[in-house]
Each structure stands twice: as structure tokens, then as C-alpha cells.
1. Go over the candidates THR138, THR194, THR128 one by one and state the one that is part of a loop (DSSP other than H, G, I, E, B) and touching a Lys or Arg at 6+ places or on another chain (Cβ under 7 Å).
2. Look at LEU139 and say whether it is surrounded by fewer than 21 Cβ atoms within 10 Å (Cβ to Cβ) and of a type in the set (A, V, I, L, M).
3. Out of curiosity, is ALA208 part of a helix (DSSP H, G or I), without any contact (Cβ under 8 Å) to a residue 60 or more places away in the chain and surrounded by 18 or more Cβ atoms within 10 Å (Cβ to Cβ)?
4. Answer yes or no as to whether SER227 is assigned to a helix (DSSP H, G or I), buried (at least 18 other Cβ atoms within 10 Å of the Cβ) and of a type outside the set (A, V, I, L, M).
5. Would you tally the residues in segment 293-335 being over 20 Å from PHE16 (Cα atoms) and not basic (Lys, Arg)?
6. Of all residues in segment 57-90, which are without any contact (Cβ under 8 Å) to a residue 24 or more places away in the chain and of a type in the set (D, E, K, R)?
7. Any residue in segment 38-46 that is over 20 Å from GLN320 (Cα atoms) and either in a strand (DSSP E or B) or modelled with pLDDT under 95 (or both)?
8. Mind checking whether some residue in segment 85-96 is more than 26 Å from the chain's Cα centre (by Cα) and among the polar types (S, T, N, Q)?
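The values are calculated or read from the model by the stated rules, or taken from the named source; none is laboratory data. None of the values given here were measured: they were computed from a predicted structure. For neighbour counting, all protein chains shown are included, and Cβ atoms are generated from backbone atoms with ideal geometry for every residue, glycine included.
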Amino acid sequence: MKALQQVGHGDPKDAFRLIDLQDPTPGPTDIVLEMLAVPVHGLEVRDAIDPSRIAKTDLPKIPGLEGCGRVIAVGAEVTDFAVGDLALPPPRCGTYRQYISAPAADCYPTPPGADPQQLALVLINGLTSALLFQAHNTLSPGDWMIHNAANSSCGRWLIALAKDAGLKSVNLIRRAAVARGLHEIGADVCIVDTGDDHPNDLAARVTATTDGAGILLGFDTIAGDASGRMAHCLGTEAKLIVYGDLSGQPCSFIFRDLSRKAIHVSGYRKSAYEQKLTPQEKRNIYGRLCGLIAAEKVKIPIAAAYAFEDYSEAFALAAQGGADRDGKVLLLPNA
């Protein structure tokens, strides 16, 4: 089988090479997956370019955080998978390869008929969003939440999870063109926020679209001034969860929002929640996320999909900003 191996750093066309490995055979409790789709994450792009991120002593390595495959072989003791099933491999198992053999207990079944390219995006951002929402949502059906970078992968998951919980969502976006796609998966209100107007103006637009309803939960993945702008839109004693720093800047707030409205600001570390899950709890979450995909209640844009041989083009596109490529980049190991 073919696998994509990182052998160094710099230009991805030089940092990676295609290698031949022996086709795997399953042990008694294993399954073998023919990998149908594997996303190229920004983390992997940075790992390829920046030599400070991975020590040379840890190379060569086969990257790949997640993906989706079809079962082509099962061990004699496996009862919960059958040949032909779609399944998710264990997270972070090095999915940049054509075939993966893994313990069946560490893999996750998916609904038949679901889109493998969408399922390939469940393990990382899907779980991040599910745990984020589960840990901090104390609202009642009909209440409002607000978040930024709503067209991102995590943003789209949050829209779907909020809708599934009966909440209404205010979705802050940078381009009006993406609003239609977000409304299709359940976004209630989309507001363009380029950061150029005064926070009072943004808060006024939010208040107008929610008929003055107080918003008590916000998710911020941008940081910088965006944190303060969102806090300005929240109600008294609201929670603001900062789970990313796309701006690369420290969070900035208007002090009166924190003091007079007593807004609770907290960070989020996925591993702190993930390590508390039992295997069955994690399987249940993945099952729910896959169900949302099968029901077409969430859809992540795909910018392009490439064969293994075209990995350098895939990495070049993945290295571009989200607005430039407008979607995830996939590798198709068995295209």
C-alpha cells in the first residue's frame, strides 16, 4: 500500500514522500479500513513547514489526525463491524495511508449512506465542538447563543448542535456570501462583523435581530478585539468561552462590560474534557455527530480533494487562509 510520510521540513513537496508499505492484515479483534478521505489540517501544514514543531529525531512519521474508511476485512472475534461498513479510525493514528488496521474497539461505526468526505471531518473538530457545547451550554430551548467565525468547521458544528438543542444562534461572519449556507444548516441570524464599526453598533444590530433577547452564552475563537466585541453583545452574567485565537492577539475587553454585566470569561482545553470520557461516552458522541451528518443537519465545505500523488498541491491549498480557499482540503488515498 501507499503511505505519505513526512521526512523533513520546508516546502511540503520536499518534506513528504510517498512510500510503499506492506498491506495490513487484521488480528482477531481488529478491522482493516480502506481509507476513503483524509483531511489536511493546518496543524499538519505547520508541522511540515516549521522545524521547531517536530524534532528531527521524531521523523520520519506518517501524519494524519482523522479520516473515514470502508471496512475491507474483520478479525475472527469482531462482531460490531462487517465488510462494507463505513467507519472512523482511531483519532491521530496516522491516517495518511491507503489502509489502516486497528482494534475494532477503537474505531467508530457510522450510519450507512452518509458522505465519507463529511464523516472524515468528525473526529477532531466535531468532537472539539461537541465537548465545548456540552460543557458550557446551560441554556433552555428558545434561548440565544452567539459565536464568531461561524463559517469555520467548528462554527458549523456549533450551529448544528445549538439547533439540535433547541437554541437560537447569532452567527458572526466576515463575508455576507457565506450566510446562505449557514442558514441551510440551521443558523437563525447571520451578521457580518468585519471589526470596523464601533462595538455599540454591532451590539445594536444583534439586539435588533434578536428582538432584544438577552444573550447569555458566547463562543469566541478569534480573540483579540473580537473578544471584547462579543462581550459587548452579551447580557448580564453571561458566559463567554474563548476557545481559539485566530487573530493571534491577546483578548481585549471593555472593562465596563466585565464589571457592570459581570460577564464570566473562561478558556477551553479539549483534553481536559476528553480524558474524562469513558469509551462508551465517546462512542455515543461520535454516533450523534455522524447522525447529524447523515441527516444533513451539518455540512462542512470542501474546497478540494486530491489524490495522494498530488499531495504538494493539497498542502499548498491548505496553507492558504480559510477565506481564500473556503473549505477543507482532503486527500483521497485510494482515488
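1. THR194
2. yes
3. no
4. So SER227 fits the description; yes.
5. Residues that pass the stated criteria total 15.
6. ASP58
7. Within segment 38-46 (the criterion being over 20 Å from GLN320 (Cα atoms) and either in a strand (DSSP E or B) or modelled with pLDDT under 95 (or both)), the answer is no, since none of the residues qualifies.
8. no
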